[in-house]
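Have a look at the structure below before the remarks.
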Amino acid sequence: MERRKVNRIPSAILCSDIHLREDAPTCFIGNWDQEQWDAVMFINNLQTHYQCPVLNAGDLFHHWKPSPNLLTLTMQYLPKQFYSIAGQHDLPQHNWELRFKSGIFTLVESGHVKDEQDLHGFSVEFCHYGFEPKNRGKILLWHHLTYISKPFPGASGGMAEGILRKYPQYDLIVTGDNHQSFSVEYKGRLLVNPGNITRQTADQADFQPRVALWYADTNTIEWVNLPKQEGVISREHIAIKKERDKRIDAFIAKISNELDENVFSLEEALDRFQNKNKIDKRTMQIIYKALENGKK
């Protein structure tokens, strides 16, 4: 349920999957720091303008152990009244019991990320990654793979309308994990999946990151686009990997053709190939590394 609001103050800003990181995604060839922090500052400015809470549905960080530098920048750029649950990327080994080791735990302890105990005026259930809803509020903030159609073969999670049917006690459900942006309405109740705020993969070249302004009195949202750089998503790394994989396959085929049928492992085949062709150790190290990268 999406309607344009004019001169109204939203009750909350909804976002998810911020994935703060220092290293640029492989597909990104622009200025990553600018892309990332411009998006966060845009949300910060929205929060300052409207003076309403920001609800983030998980994965604040791309890795659970951010560097001291990334933690410091996060403290500087995050909006005030920023509330977040933990996604799997925020948790060591995706394990809630190990959260005390994580960067998001540090931010909660320092007060830069708020938890549900601090959220006054809203009945919100914080449902971290790995947990199921327990009907503790009228709004559910949940890091759970949710979709309109399956984002990839074998995806586990739930269809958006099915989740609204399954949990009728919530007026608003905000989900994270799926890096697509959509909302679904069912009998006056609303599910919002904001999607990621920066593009992380090559298939998001045309994706427009955005957040949702939510209006409690009508249970409706207004999408607001986040800033992004143009022409900075590349598929070149995919082509390079495919070409490398072809070379590795051809190399293995050559080894197979030169050796007898009594070889039982790739390691044994490489040893025999090295001895037969008198290949030096440095060259073999390069071969081993190329093969290892090819498995990733």
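The values are calculated or read from the model by the stated rules, or taken from the named source; none is laboratory data. Since we're looking at a predicted model, the values are computed, not measured. Note that we place each Cβ from the backbone using ideal geometry, even for glycine, and neighbour counts take in every protein chain shown. Protein only, heavy atoms only, side chains kept; ligands, DNA and RNA dropped before computing areas. Shrake-Rupley method; radii C 1.70, N 1.55, O 1.52, S 1.80 Å.
Considering only residues that are in contact with a Gly (Cβ under 8 Å, 6 or more places away or on another chain), free of Cβ contacts under 8 Å to residues at least 40 places away in the same chain and part of a strand (DSSP E or B), which ones fall in the range 160-214?
F182, R210
Collect the residues in the range 132-159 that are open to solvent by 80 Å² or more (accessible area, probe 1.4 Å) and either without any contact (Cβ under 8 Å) to a residue 24 or more places away in the chain or hydroxyl-bearing (S, T, Y) (or both), keeping them in residue-number order.
Correct list: E132, K134, R136, K150, F152, P153, S156, M159.
How about the range 24-68: which of its residues are within 14 Å of the chain's Cα centre (by Cα) and among the charged types (D, E, K, R)?
D59
Take T175 and tell me if it is open to solvent by 30 Å² or more (accessible area, probe 1.4 Å) and among the hydroxyl-bearing types (S, T, Y).
No; evaluated as a whole, the condition is false for this residue.
Please state which of the following conditions L60 fails to meet, knowing it meets all the rest: (1) touching a Phe, Trp or Tyr at 6+ places or on another chain (Cβ under 6 Å); (2) without any contact (Cβ under 8 Å) to a residue 60 or more places away in the chain; (3) under 18 Å from T175 (Cα atoms); (4) not polar (S, T, N, Q).
(1)
From the list R282, R247, which residue is modelled with pLDDT under 75, open to solvent by 30 Å² or more (accessible area, probe 1.4 Å), part of a helix (DSSP H, G or I) and over 30 Å from S11 (Cβ atoms)?
Just a single option satisfies the conditions, and that option is R247.
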